1. For the range 105-191, give me every one of the strands (runs of 3 or more DSSP E) that falls completely inside it and has 1 or more residues that are aromatic (F, W, Y) and more than 16 Å from the chain's Cα centre (by Cα).
2. On the basis of being among the acidic types (D, E) and open to solvent by less than 10 Å² (accessible area, probe 1.4 Å), does E507 make the cut?
3. Please work out which residue is farthest from S320 (Cα to Cα), limiting yourself to the range 282-292 and to residues that are in contact with a helix residue (DSSP H, G or I) (Cβ under 8 Å, 6 or more places away or on another chain) and surrounded by fewer than 24 Cβ atoms within 10 Å (Cβ to Cβ).
4. Kindly evaluate R145 against the criterion of being within 22 Å of F62 (Cβ to Cβ), of a type in the set (K, R) and crowded, with 22+ Cβ neighbours inside 10 Å.
5. Can you go through E557, E553 and tell me which one is in contact with a Ser or Thr (Cβ under 9 Å, 6 or more places away or on another chain), among the charged types (D, E, K, R), open to solvent by 20 Å² or more (accessible area, probe 1.4 Å) and at pLDDT below 80?
6. Please specify each residue of the range 146-163 satisfying the condition of being in contact with a Pro (Cβ under 8 Å, 6 or more places away or on another chain) and either closer than 17 Å to T178 by Cβ or of a type outside the set (S, T, Y) (or both).
7. Between a first residue in the range 12-28 that is farther than 21 Å from A409 by Cβ and open to solvent by 50 Å² or more (accessible area, probe 1.4 Å) and a second residue that is of a type outside the set (D, E) and not in a loop (DSSP other than H, G, I, E, B), which pairs have beta carbons less than 7 Å apart while being 6 or more apart in sequence or on different chains?
8. Only one of L295, L311 is modelled with pLDDT of 90 or more, at positive phi and surrounded by 23 or more Cβ atoms within 10 Å (Cβ to Cβ); which?
Amino acid sequence: RRRTTGWVVMDEPVLTGDPHPAVWDLICLGTGLGETMLAGAAAKAGKTVLHLDPADTYGTGFGAFLESECGFGWSLPTRSPIDGVDDSPEICEATTSPASPTEHCISLPAHGFPVQRRTSIGTSTLFDPENAPSGSNRRQYSMDRSAPKLVIGADRFVRQLVVSGAHKYVEFRQLDATLVCWGPAGGGELELHDVPCSRASVFRDQTLSLAEKRNLMRVLKLCVRAAEARGQSVGSGDPDEMRGAIGAPGSEWRDTTHADQAVNQQAALETSDDDDVLVESALELFSSALHRLGLPLHSKASPAVRYALALIGGDDALASDGFSRLTTYLASLNKYGTDVGAALVPLYGTSEFPQAFARLAAVNGATYALRVGVAKVLCEASDDADADNKNKSVTAVVTVGGQKLRCRALVVSHDAWPWPATAQSTSPQCISRMTAVVDGVAVPEPNDARGKGGATALAVFPPGKNFGAKNESPSKAVTRVMQLSAATMSCPKGMRVLHGSVVSFDESGTAEGDLFGVLARLADTSCLRRHASGEASANENENKNETETETCEKATEKQDKPKTLWVSFHRDAVPMNCASTIESWSALPENVVTCPGPDGESDFAEVVAAVEAAHARLWGAGELFEEKKNVAETNAETTGEQGAGNAGDSDEDDMDALLRDLPGGIGK
């Protein structure tokens, strides 16, 4: 079956008739993380799944950059390979579906591809004309478009990876170092400082007073009590090892006398031996709670805890959310071995996650077809003439090639659905993102990193400071920059890839304006030139580059920095949070859900929560992925014997696969 785009004729695979089912249990449109997780869950449950994507690569918003056609650097897939078909009379005629009188049509504006006004907004690219990666050398790089993202060892995303079996298709490295940009009170120089990640490093830290160290330990102790009350295990390191991570049994601040006592959960959360209270009220801010507990805002410990450990996004985070995140972080320490921290990074980037779940679905019988878009969705009309939602349920989709595919449920990327203007988020926020290639270490790495091909490091720039050369006002949100090396298969040896992001509240601004100054603090940008675009004249570009060069040369006077070879900036609209996403489904047919794109957080918590809610809406209560017992456990239960030993072996096998490459992990 052939379709004509504005510039090329392509074949669309036949997806009707034998051996395909007459009605698919689930059709997914878009291969983002949420869509692929739902496809994997449905396929594992024995449902027939058809997964379509108008793009020719996996991932949608969670995907990767593509090699640019100009011969150097990369570009964002800002348009579908089948865009423009609405202008073709042949295609318009082919996609005029034979809808019945009881069916209504909903047209998809970009045929399943994200609408451009919501993603890849205001893209700008700068490069070093003499050294920018070009030609086949670009194949040695893996460039995420949604980074920086971290996998926190004790969160629900890891659980879904392991229970589903998708972890078999992903490999990990740990986050080796975290640094926070901080300066002493009174206007001292802002510099990157290591975030204390062990008892020994806390005691060695010269920027924390003795009282701050004591208060930090006390706060962490309270969080550990809360974790233990909820049944979480915190720390598994050697009690006698001074380099054991914070949270290890036997550390100075962890009260092990309560280990065998049943502690009331609320009491564990709110009180300690000296009657400290973590959360005084439901509206208390996280920063205020830490200040009350002896970690004032001007202390390095406060931004380190808030933005590097709890990984909150801004100053407006509530104490309840902040301490919950901090507890999850502490519960993740040493989870996968005594030398492994709380945060993990996938090899080849976060774009591997959608591919892992897509592979899981395919192994379990799902059918995949890229470069196939959906022009229309057919819906059964509601019997209630007064109903707000006139479409009762989706019955079929019509591809761009004219194929009518019937389904019982439909999953679509949230950015691809034709939402009315009144249903869109009114938030002025955007996520500014940056991806850069530099020829050396920009964020300080551990001393032993060179022998391992480099390290993974995270630099945190707290809100309230003006880090940007172009920003006229301080940022209201935290800026995070992750540095990846050859150890994560993201770039060749000697090179580094920088991924940065910040939530911006300036609608009229640009990602370049939000993040260029942070890049200039980390790397030399004096050789960058703007990639020509149709939106600015050559003179405008030249003048802008002169200003940038002058700023960057001033920034590099104090120390040598690696040279920036290529950098791209873009913005994405901030997706709805989980609660708002679920609420938006009330305007959809009853068997349709939408999945949010990548948000501005450092983890995948919101996506997982939305996916679990979507699964419940489509198929009722129950786990997203059922945790299957092995044969030995089943036999033990049948005979009344305990299968704890076998269960432990099974869990360890899963972790071996998840952590096969982690230094010090149990897979070693």
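The values are calculated or read from the model by the stated rules, or taken from the named source; none is laboratory data. Just so it is clear, the structure is predicted and the values come from calculations on it, not from any experiment. For neighbour counting, all protein chains shown are included, and Cβ atoms are generated from backbone atoms with ideal geometry for every residue, glycine included. Heavy atoms of the whole protein, side chains included, go into the accessibility calculation; ligands, DNA and RNA do not. Shrake-Rupley method; radii C 1.70, N 1.55, O 1.52, S 1.80 Å.
1. 121-127, 177-182
2. no
3. It comes out as H291.
4. So R145 fits the description; yes.
5. E553
6. Hits for the range 146-163 are K149, V151.
7. Close Cβ pairs satisfying both conditions: P13/A369.
8. That would be L311, the only listed residue that is modelled with pLDDT of 90 or more, at positive phi and surrounded by 23 or more Cβ atoms within 10 Å (Cβ to Cβ).
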